[in-house]
Amino acid sequence: MTETQDIGEDPVLDALTMLSNVAASSTDDLASLNDELADMQQDRKNGRSWRHIISDTPSPNALSLLTTITTNFGRASGSFRRALALGLRQEGLQVTEVARLFAVSRQRVSALVRPREPGQKDPLEGSPEPR
């Protein structure tokens, strides 16, 4: 097998691009989250109750920003891991070799590369496969 090839359509590259886009679009959210967390820390050090800190925070608050960021990264990284596992298998790597590269069990890789039916929930992404 050669190291370079004509890639044509490449689902792994597509998933990597999506992950990169999520990382880039999260920059502003991460900066806002950092500012919000610093404000919460200062409010708490000043003796404010958690109830007042959370309820007086403008929307989107730190909790909703954190949920958005982690959800977006979770979905994009799950798609990338699955696409990469499938791509490596298509290049001829054994499940055990992919598992070693991913630092997971061979059973985990088998679950990643197992075909899914439309509408079947992807355990990595937390949402169903699009129909």
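Pop out the ³J(HN,Hα) list for segment 87-92 in order, Karplus 6.51 cos²θ - 1.76 cosθ + 1.60 with θ = phi - 60°, rounded to Hz; leave Gly and Pro as x.
Once rounded to whole Hz, the list reads x, 5, 5, 5, 7, x.
For segment 11-116, what is the Kirkwood estimate of the hydrodynamic radius, computed as the reciprocal of the mean inverse distance between distinct Cα atoms, to one decimal in Å?
Here the Kirkwood hydrodynamic radius works out to 16.3 Å.
How large is the charge dipole for segment 11-116, taken about the Cα centre, if only the Cβ atoms of Lys, Arg (+1) and Asp, Glu (-1) carry charge, to the nearest 20 debye?
Its charge dipole is roughly 740 debye.
Read the figures in this text as sums done on the coordinates, not as results from a lab. This is a predicted model, so every value here is computed, not measured. Positions of Cβ are backbone-derived with ideal geometry, glycine not excepted, and every protein chain shown enters the neighbour counts.
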